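Enquirer: Questions regarding the structure given below will be posed in turn.
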Amino acid sequence: MAAFVRNLWYAAGWATDIASDLIGIRILDEPVLLYRIPSGEAVAIGGTCPHRFAPLHLGRMCEDGSVECPYHGLRFDRTGACVLNPHENGRIPGAARVASYPLVERHGVLWIWMGDAAKADPAAIPLFDQVTDPAKRTVKGQTHLAANYEIVADNLLDLSHTQFLHANFLKADHILTAKHEVSQEGRTLFSRRWIPDIVAPPSFARQLANPTARVDHWIRARWDAPGLHRLDIGATLTGRPEDEGIRIEGSHLLTPETQVTTHYFYSHTRNVALDSESEDERVRNWHQVGFNQQDKPMIEAVQRRMGGVELLELHPILFSIDAAAMRARRILARLRGEEQPDIISQEAAE
């Protein structure tokens, strides 16, 4: 399967999920240890002790912020260096170290850089500021899929599937007939649908004083490599400014665990019902049903049918609804080629 692009920012998790515990996670098929040092700063180092390959997340954090291996007591600091060997009179071999990864906490997300640390520019982290906007309400979650992250991205970049896979929640015939525009700026993709003067879709109608009111409806998506999606979906009374309307913003952050498994971090941000616990529960129910009971089984079934074969090698028929997904795949292929030309040439030859 296609090589991973390493010199990109990946979502390692929601910042609120990393507290005093040692968290082990696999990213780009590498074990990573996430934790907070006593100052509260989050750090990321390799997750495997180089002595007997014990998982470091099963160990403990010491008062000085180093992590002690649970098997033989070697300790590693935030830079990945071994700072204590309780054996052999304390001699520390040069190879006694683990990797250290740049980690940035921004927009409520921990962003990790798995490639060349000298190229890790925090300014390149895409904007997901809605997640921590105090004027809005956000519900967060995460799930795990047994599928390659590009297959998961295909699902998010083609929202026409909502009319079939999620019909019990989101059925609205105008989605299939609305004009769909896909554009690209640099390596960022935009997918836009504008549906003017329609009866409010059910998911918005219940928030309106008049549920049968006519509205202008929009569905917009932004994609950044490797699999960072920001959705902007809203409705405003026909002819009125968008800022007066109801807006739902979604974050969908895909991080490859392995070639055939994906960490999926998601959030739902709204500008209405800001104090409503019942609305939070409705959103969580949608996440549970829509993501885990509808999207997940279908995406995993697609992965099983595809096996380890790349999409284009299977010669799929393609429609206009696939435009954004195909552009994303081309961008990732270009980034792989720029980063690992020898590997890509070998893959092409095979």
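Enquirer: Mind counting the residues in segment 120-151 that are of a type in the set (A, V, I, L, M) and out of contact with any helix residue (DSSP H, G or I) (no Cβ under 6 Å at 6 or more places or on another chain)?
Expert: Number of matching residues: 7.
Enquirer: Restricting to segment 128-147, and then to whatever is more than 28 Å from Ala301 (Cα to Cα) and among the aliphatic types (A, V, I, L, M), can you tell me which residue is surrounded by the fewest Cβ atoms within 10 Å (Cβ to Cβ)?
Expert: Ala135
Enquirer: Can you say whether Arg75 is at pLDDT 95 or above, more than 21 Å from the chain's Cα centre (by Cα), surrounded by 15 or more Cβ atoms within 10 Å (Cβ to Cβ) and among the charged types (D, E, K, R), as far as the supplied structure shows? Write out each step before concluding.
Expert: Details: at pLDDT 95 or above: yes; more than 21 Å from the chain's Cα centre (by Cα): yes; surrounded by 15 or more Cβ atoms within 10 Å (Cβ to Cβ): yes; among the charged types (D, E, K, R): yes.
So Arg75 fits the description; yes.
Enquirer: Report, by residue number, each residue of segment 101-121 that is without any contact (Cβ under 8 Å) to a residue 24 or more places away in the chain and assigned to a helix (DSSP H, G or I).
Expert: Selection gives Ala117, Ala118.
Enquirer: Could you list, in sequence order, the residues of segment 318-343 that are closer than 23 Å to Ile175 by Cβ and in contact with a strand residue (DSSP E or B) (Cβ under 8 Å, 6 or more places away or on another chain)?
Expert: Within segment 318-343, Ser320, Ile321, Ala323, Ala324, Arg327, Ala328 qualify.
Enquirer: Just to check your reading of the model, which residue among Val215, Val260 is more than 29 Å from Arg187 (Cα to Cα) and of a type in the set (A, V, I, L, M, F, W, C)?
Expert: On inspection, the qualifying residue turns out to be Val215.
Enquirer: For Thr255, only one of the following conditions fails: (1) more than 20 Å from the chain's Cα centre (by Cα); (2) within 23 Å of Arg336 (Cα to Cα). What is its number?
Expert: It fails just one condition, (1).
Enquirer: Here's another thing I want to ask about it. Please go through segment 51-66 and give me each residue that is closer than 13 Å to Pro31 by Cβ and either touching a helix residue (DSSP H, G or I) at 6+ places or on another chain (Cβ under 9 Å) or surrounded by fewer than 17 Cβ atoms within 10 Å (Cβ to Cβ) (or both), ordered by number.
Expert: Across segment 51-66, the qualifying residues are Phe53, Pro55, Leu58.
Enquirer: Further question: Taking the options Ser191, Ser183, name whichever one is in contact with a strand residue (DSSP E or B) (Cβ under 6 Å, 6 or more places away or on another chain), assigned by TED's automatic domain parsing to the domain that holds Gln293, exposed (fewer than 14 other Cβ atoms within 10 Å of the Cβ) and not aromatic (Phe, Trp, Tyr).
Expert: On inspection, the qualifying residue turns out to be Ser183.
Enquirer: Continuing with this model, one more query. Taking the condition in a loop (DSSP other than H, G, I, E, B) and within 25 Å of Gly108 (Cα to Cα), does Ala135 pass?
Expert: yes
Enquirer: Only one of (1) under 23 Å from Phe204 (Cβ atoms); (2) under 15 Å from the mean Cα position of the chain (by Cα) fails for Phe169. Which number is that?
Expert: All conditions are met except number (2).
Enquirer: Does Val83 qualify as being over 23 Å from Ile112 (Cα atoms), at pLDDT 95 or above and either crowded, with 19+ Cβ neighbours inside 10 Å or in contact with a Phe, Trp or Tyr (Cβ under 8 Å, 6 or more places away or on another chain) (or both)? Give the derivation first.
Expert: Details: over 23 Å from Ile112 (Cα atoms): yes; at pLDDT 95 or above: yes; either crowded, with 19+ Cβ neighbours inside 10 Å or in contact with a Phe, Trp or Tyr (Cβ under 8 Å, 6 or more places away or on another chain) (or both): yes.
So Val83 fits the description; yes.
Enquirer: Just checking: which of the strands (runs of 3 or more DSSP E) contained wholly in segment 188-287 hold 1 or more residues that are within 16 Å of Ile175 (Cα to Cα) and of a type outside the set (Gly, Ala, Ser)?
Expert: Once the strands (runs of 3 or more DSSP E) in segment 188-287 are filtered for at least 1 residues that are within 16 Å of Ile175 (Cα to Cα) and of a type outside the set (Gly, Ala, Ser), what remains is 188-199, 214-224, 228-237.
Enquirer: Is it the case, given these coordinates, that Thr238 is of a type in the set (S, T, N, Q), modelled with pLDDT of 95 or more, within 27 Å of Arg334 (Cβ to Cβ) and surrounded by fewer than 22 Cβ atoms within 10 Å (Cβ to Cβ)?
Expert: Answer is no for this residue.
Enquirer: Return yes when Ala153 is assigned by TED's automatic domain parsing to the domain that holds Asp280, within 26 Å of Ile27 (Cβ to Cβ) and in a loop (DSSP other than H, G, I, E, B) and no when it is not. Walk me through how you get there before you give the answer.
Expert: Numbers: assigned by TED's automatic domain parsing to the domain that holds Asp280: yes; within 26 Å of Ile27 (Cβ to Cβ): yes; in a loop (DSSP other than H, G, I, E, B): no.
For Ala153, the condition - assigned by TED's automatic domain parsing to the domain that holds Asp280, within 26 Å of Ile27 (Cβ to Cβ) and in a loop (DSSP other than H, G, I, E, B) - is not met.
The values are calculated or read from the model by the stated rules, or taken from the named source; none is laboratory data. Remember, it's a predicted structure, so these values are computed and weren't measured experimentally. Cβ coordinates were reconstructed from backbone atoms using ideal geometry, including for glycine residues, and neighbour counts include every protein chain displayed.
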